[in-house]
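Participant: Quick one: this structure, given as structure tokens, is what I'll be asking you about.
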Amino acid sequence: DEQDGVSYIQIFKKHILCNPVIWMLAISYTFVYIVRFGTEDWLVKYLVEVKNNTLPVASAKLSTLALVGSAGAIMAGVISDKLCKGNRTPVNIVFLVMLVVSLFLFATNPAGSPIFEALDYVYAAMIGVFTAGPQMLIGGLCAVESSSKRVASASIGFTGIFGYVGAALSASGT
């Protein structure tokens, strides 16, 4: 092993602190968390105040974000493994573009008719799917694959710190 005789601190420094890919992943993870927590923070309030949903209906719509969203993590992994042969970048790009589209569709979906109300559930689920995929890939899998096996957990922890910075920023922003 090329890392025999090299201290953990040296490996950590080389593969995490001085690794530009890890830094790019960490910064992008900040924005994934801003969207994730920002959406979770404002969705119910938006639905109640802007679209005149009852609190139980707004909460049900929010629950689809998490329930269906978890499928996004699995989908992103399967697509990147099978279709993209381990290349995570195209999957992240497609999921993030679709996240923007989902946010736009949700925000511009008018209130009133039953079909538009049903579409809120669909768009909330889409937001969940297209957030969970990059959340799993960027902060977990990509971080591990971009570092050394000896600092795999630390790379996830490093990107995770940036995710929580994003969560804090979204809370103060919303």
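Participant: If you take every residue apart from Leu119 with its C-beta less than 14 Å away from the C-beta of Leu119, what net charge results, scoring Lys and Arg +1 and Asp and Glu -1?
Facilitator: Summing Lys and Arg as +1 and Asp and Glu as -1 gives 0.
Participant: Using the crude model of +1 on Lys and Arg Cβ and -1 on Asp and Glu Cβ, and no other charge, please compute the dipole size for segment 23-142 relative to its Cα centre, in debye to 20.
Facilitator: Roughly 280 debye for segment 23-142.
Participant: Same structure again: Using unit Cβ charges (K, R positive; D, E negative) and no other charged atoms, how large, in debye to the nearest 20, is the dipole of segment 1-72 about its Cα centre?
Facilitator: Roughly 360 debye, rounded to the nearest 20.
Participant: Can you tell me the 0 to 90 degree angle between the C-alpha axis of helix 152-173 and the longest principal axis of the chain, rounded to 10?
Facilitator: 30 degrees
Participant: Taking 0.36 nm per residue of sequence separation and subtracting the Cα-Cα distance, how much length would be gained by fully extending the chain between Val165 and Arg150, in nm to one decimal?
Facilitator: Going from the current span to full extension adds 2.9 nm.
Participant: For the chain, take the longest principal axis of its alpha carbons; what is the angle in degrees between that and the long axis of helix 89-108, to the nearest 10 within 0 to 90?
Facilitator: The angle comes out at about 20 degrees.
Participant: DSSP loop trypsin sites (Lys or Arg not before Pro) in segment 9-114 with at most 11 other Cβ atoms within 10 Å of their Cβ, which ones?
Facilitator: Lys85
Participant: If you count only protein heavy atoms and use a 1.4 Å probe, how large is the accessible surface of Ile127, to the nearest 10 Å²?
Facilitator: Around 0 Å² of this residue is reachable by solvent.
Participant: Ordering Cys84, Cys18, Cys142 by accessible area with a probe of 1.4 Å, largest first, what comes out?
Facilitator: So the residues, ranked largest to smallest area, are Cys18, Cys84, Cys142.
Participant: Something else about it: Taking the simple approach of a point 7 Å from Cα along Cα-to-Cβ for both Leu67 and Val48, what is their distance in nm?
Facilitator: Going by the 7 Å Cα→Cβ label model, 2.0 nm.
Participant: Could you check the simple spin-label distance between Gln10 and Val122, using points 7 Å along Cα→Cβ, in nm with one decimal?
Facilitator: Spacing of the two 7 Å Cα→Cβ label points: 5.8 nm.
Participant: At 0.36 nm per residue, and after removing the present C-alpha to C-alpha distance, how many nm does the segment from Trp23 to Cys84 gain when stretched out fully?
Facilitator: Gain in length upon complete extension: 19.6 nm.
The values are calculated or read from the model by the stated rules, or taken from the named source; none is laboratory data. This structure is a prediction, so every number in the text was calculated from the model and none was measured. Glycine also receives a Cβ, built like all others from the backbone with ideal geometry; neighbour counts cover every protein chain displayed. These accessible areas exclude ligands, DNA and RNA; they are computed on the full protein's heavy atoms, side chains included. Shrake-Rupley method; radii C 1.70, N 1.55, O 1.52, S 1.80 Å.
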